[in-house]
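Comments concern the structure below.
The values are calculated or read from the model by the stated rules, or taken from the named source; none is laboratory data. Nothing here was measured: the structure is a model prediction, and the numbers come from that model. Counting neighbours? That spans all protein chains shown, and the Cβs are built from the backbone with ideal geometry, glycine included.
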Number of protein chains: 2
Amino acid sequence: MASDHTRTAILAAAERLYADRGFGDVTLRDIVAEANVNLAAVNYHFGSKDELIAELFVTRSIATNRERLRELKAAEEQGGGRAPIEMILHALVGPTLRGCLGPENQRSTAARFMIRASIESVPPIRRIKNREIDHLRKFAGAMRRALPDRSDVDIYWGLNFALAMAHHTIRESERLTKLSEGKCDLDDVEDVVARVVSVATMALTAGKAETKAPSKVAAR
Amino acid sequence: MASDHTRTAILAAAERLYADRGFGDVTLRDIVAEANVNLAAVNYHFGSKDELIAELFVTRSIATNRERLRELKAAEEQGGGRAPIEMILHALVGPTLRGCLGPENQRSTAARFMIRASIESVPPIRRIKNREIDHLRKFAGAMRRALPDRSDVDIYWGLNFALAMAHHTIRESERLTKLSEGKCDLDDVEDVVARVVSVATMALTAGKAETKAPSKVAAR
DNA sequence: TTGCAATTCAAACAGTTGTATGAAACTATC
DNA sequence: GATAGTTTCATACAACTGTTTGAATTGCAA
């Protein structure tokens with residue numbers, strides 16, 4: 001094995017560009033220019049552009065999931081095998097929100113890259129992405145333990161809504177700022193996390209009786 | 001003006017393909033093949049590929065917004081200028097969810113196209129998309145009238161979360177079905193709408209006292 | 001029918017993409 | 001210091017992109 005310098009330079013440059021501009025707009029020539037390496041280096045080190053994307057995604061996916069599971073595990077151990085639902089949700093949405101929001105200069109390129117990856121549907125990633133279901137299932141399990149009276153359906157919907165609020169807020173953060181004329185402060189990450197967790201908790205705990213949500217306005 | 005047949009055939013084919021495969025993967029040659037017209041027809045009738053996308057987006061955007069505002073207006077008139085918050089949220093997320101979920105054969109191509117458009121960031125659309133802020137502001141206004149005690153910040157966050165749940169559920173519907181092993185029934189559109197409206201309503205009405213969401217777990 | 005504009009068409013264009021090639025430059029081993 | 005293996009580099013390639021061109025065809029009015 002040699003210096004590895006070129007490899008890592010390519011990975012870093014690619015992640016940065018993808019995070020900023022999306023997959024469709026970034027060409028191999030953009031990447032090698034940013035990394036100050038030769039055009040052929042990508043194919044030499046990674047085989048193809050798709051394999052480069054895949055490697056990037058797999059690496060980051062593992063890292064993000066590990067961070068979330070670390071928080072989840074800590075919460076469950078602290079509660080003797082059963083963590084409060086707020087802490088579970090916190091472990092679910094916290095890492096991603098922290099990486100993507102907050103003051104611009106301290107946002108994680110990796111997290112923004114992952115959001116891009118979860119939004120756009122480039123073939124090599126779509127294939128890998130199904131593995132994440134197993135990861136989410138672990139959270140569903142923890143939520144079931146935290147709310148044993150809740151039906152599975154409600155658990156999954158709550159999980160879905162929690163991820164929905166986190167991801168959408170990241171994705172549309174610019175528009176939300178403009179819409180609210182700056183009143184919604186997306187730099188205060190912990191406030192955003194708390195809001196998402198709070199609403200998701202309500203979704204999961206409110207109105208124990210109803211299997212379906214109230215539908216008095218569902219006439220139409 | 002002539003038959004217009006070619007124009008409309010192109011629009012229909014483009015919308016269908018974009019809805020299915022996204023903007024990045026659909027080429028002009030795909031479109032003209034699907035529409036059974038000559039390659040040069042797109043440039044002749046629309047000027048460029050971007051103008052075709054823009055026309056499609058503008059047309060559909062107007063239609064969707066009109067439908068949402070129609071429901072909103074009806075709700076407000078029925079309530080004498082102040083609609084219940086559930087109905088406002090229903091008007092906000094109902095039309096989109098109905099167009100994108102439900103039995104496969106009756107999903108609206110137009111609605112799926114709009115979701116694609118809101119996800120991917122193709123230049124001609126990004127430019128137009130900022131107009132939608134004015135549209136959302138009308139809903140924010142109605143929500144303020146429905147909840148006069150609520151702060152603007154909370155209103156905007158509630159609006160954001162409602163859209164978040166609707167869009168994310170559409171986007172990740174396949175994964176939610178797989179994750180829940182079919183327990184979450186995405187064909188029952190009115191149930192989905194009711195769930196989203198219910199959670200969004202809770203987010204907007206719960207815990208009047210707190211300005212910020214509870215943050216007892218926000219340690220870290 | 002004649003004439004004229006609108007529309008269609010096949011073909012070619014210039015630009016960009018990801019990938020492949022083979023020579024050059026390096027690195028380490030003997 | 002010669003040799004073998006790895007890595008870099010300039011360059012070329014084939015495929016594909018959106019767009020343009022100019023001739024053919026159509027539709028319709030006079």
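Which one is nearest to the other protein chains (Cβ to nearest Cβ), of the residues in region B:181-208 that are surrounded by fewer than 22 Cβ atoms within 10 Å (Cβ to Cβ) and within 16 Å of A:Leu159 (Cα to Cα)? My answer is B:Lys183. Take the residues in region B:1-21 that are within 14 Å of another protein chain (Cβ to nearest Cβ) and farther than 15 Å from B:Leu52 by Cβ, then tell me which one is nearest to DNA strand D (Cβ to nearest atom). In this case the residue turns out to be B:Arg21. Looking for something assigned by TED's automatic domain parsing to the domain that holds B:Leu92 and in contact with a Pro (Cβ under 8 Å, 6 or more places away or on another chain) - is there at least one such residue anywhere in region B:170-188? Within region B:170-188, one or more residues are assigned by TED's automatic domain parsing to the domain that holds B:Leu92 and in contact with a Pro (Cβ under 8 Å, 6 or more places away or on another chain).
Residues in region A:23-35 that are surrounded by fewer than 18 Cβ atoms within 10 Å (Cβ to Cβ) and modelled with pLDDT under 95: A:Gly24, A:Asp25.
Of the candidates B:Arg127, B:Arg116, the single residue that is part of a helix (DSSP H, G or I) and surrounded by fewer than 16 Cβ atoms within 10 Å (Cβ to Cβ) is B:Arg127. The residues listed here are B:Ser48, B:Ser61; of these, the one that is within 15 Å of the chain's Cα centre (by Cα) and of a type in the set (Ser, Thr, Tyr) is B:Ser61. So in region B:131-180, with the set limited to residues that are more than 10 Å from chain A (Cβ to nearest Cβ) and basic (Lys, Arg), which one is surrounded by the fewest Cβ atoms within 10 Å (Cβ to Cβ)? The extreme case among them is B:Arg131.
Going by what's in this entry, would A:Ala74 be described as small (Gly, Ala, Ser), in a helix (DSSP H, G or I) and in contact (Cβ under 8 Å) with a residue 24 or more places away in the chain?
So A:Ala74 does not fit the description; no.
Just one of the listed residues (B:Thr64, B:Thr6, B:Thr59, B:Thr96) is in contact (Cβ under 8 Å) with a residue 60 or more places away in the chain, among the hydroxyl-bearing types (Ser, Thr, Tyr) and either closer than 30 Å to B:Pro148 by Cα or assigned to a helix (DSSP H, G or I) (or both), namely B:Thr96. Would you pick out the residues in region B:23-36 that are within 12 Å of DNA strand D (Cβ to nearest atom) and in a loop (DSSP other than H, G, I, E, B)? Result: B:Phe23, B:Gly24, B:Asp25, B:Val26, B:Thr27. Checking each residue in region B:8-33 for being within 13 Å of DNA strand C (Cβ to nearest atom) and more than 25 Å from the chain's Cα centre (by Cα) picks out B:Leu28, B:Arg29, B:Val32, B:Ala33.
Consider region B:46-70 and keep the residues that are surrounded by fewer than 17 Cβ atoms within 10 Å (Cβ to Cβ) and within 16 Å of DNA strand C (Cβ to nearest atom). The one that is farthest from the other protein chains (Cβ to nearest Cβ) is B:Gly47.
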